[in-house]
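Right, one structure below, let's go through it.
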Amino acid sequence: MDVRDPKDCPYFLLSRATLEVTASLKKNFAAAGVDRVKPAYLGVLMCLWREEGLKVVELGRRAGLEPSTMTGLIDRMVADGLVEGSADPEDRRVQRIHLTSEGRKIRAKVLAVVDETLDAVLRGIDGREIERTKQTLRRVLANVQEGVSP
């Protein structure tokens, strides 16, 4: 039987790195006084900081999240006072998501925490390596989204 070392498994490495970076972000958000922000919110917040008033479906697409994930995530973000929904004036069944004043106010602090955390966890890694890793991860995501199977 072939028993592999988990440290040689790309899945293990990706999941461990994700868990550790997420834990660091949580800790650093709390230390910076923006503990209402959860790492899971970052994709949505970054999209809304670029363009507010997106439909939930479009926001999820831009943030790379499934529609089923968006409902609960938006509910939590509303409860945390970061976003609010409003009915689309052209179709009242459709929700548009806007930042609250708090969601706008925390932008600089949240982005500073993200930058500082990533600088720390990527310390010692050459910029070219980081770009190559991002390309590789984009390819992995594309493969998964295309439904690549063995």
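Listing for the model above:
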{"read-out": "Rounded tilt (10° steps) of 67-79 against the dominant C-alpha axis of the chain", "value": "60 degrees"}
{"read-out": "Rounded percent of accessible protein surface that carbon and sulfur make up, the chain, 1.4 Å probe", "value": "54 percent"}
{"read-out": "Dipole magnitude (debye, nearest 20) for the stretch 60-150, charges at Cβ of Lys, Arg, Asp, Glu", "value": "140 debye"}
{"read-out": "For the chain, with +1 on Lys and Arg beta carbons and -1 on Asp and Glu, the positive-most of 3, 78, 108 along the dipole", "value": "108"}
{"read-out": "Å² per residue, accessible surface of the chain at 1.4 Å", "value": "71 Å²"}
{"read-out": "Calculated diffusion of the stretch 49-104, Stokes-Einstein form, Kirkwood radius summed over Cα pairs, 10 °C and 1.306 mPa s, µm²/s", "value": "140 µm²/s"}
{"read-out": "Cα gyration tensor shape for the stretch 1-56, rounded if a/c is under 1.5, else prolate or oblate", "value": "oblate"}
{"read-out": "Projected area averaged over orientations for the chain, convex hull of C-alpha atoms, nm²", "value": "11.8 nm²"}
{"read-out": "Acute angle (nearest 10 degrees) that the helix 10-31 long axis makes with the longest principal axis of the chain, alpha-carbon atoms", "value": "50 degrees"}
{"read-out": "Highest-fluctuation residue, 94, 113, 56 considered, GNM on the chain with Cα pairs under 10 Å", "value": "94"}
{"read-out": "Of 45, 12, 33, farthest towards positive along the dipole that unit charges on Lys, Arg, Asp, Glu beta carbons give the chain", "value": "33"}
{"read-out": "Segments 66-73, 31-38 sorted - mean Cβ within 10 Å per residue, highest first", "value": "31-38, 66-73"}
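The values are calculated or read from the model by the stated rules, or taken from the named source; none is laboratory data. Everything numeric in this text was worked out from a predicted model, so none of it was measured. Using ideal geometry, Cβ is built from the backbone for each residue, glycine included, and neighbour counts are taken over all protein chains shown. SASA here: full protein model, heavy atoms, side chains in, ligands and nucleic acids out. Shrake-Rupley method; radii C 1.70, N 1.55, O 1.52, S 1.80 Å.
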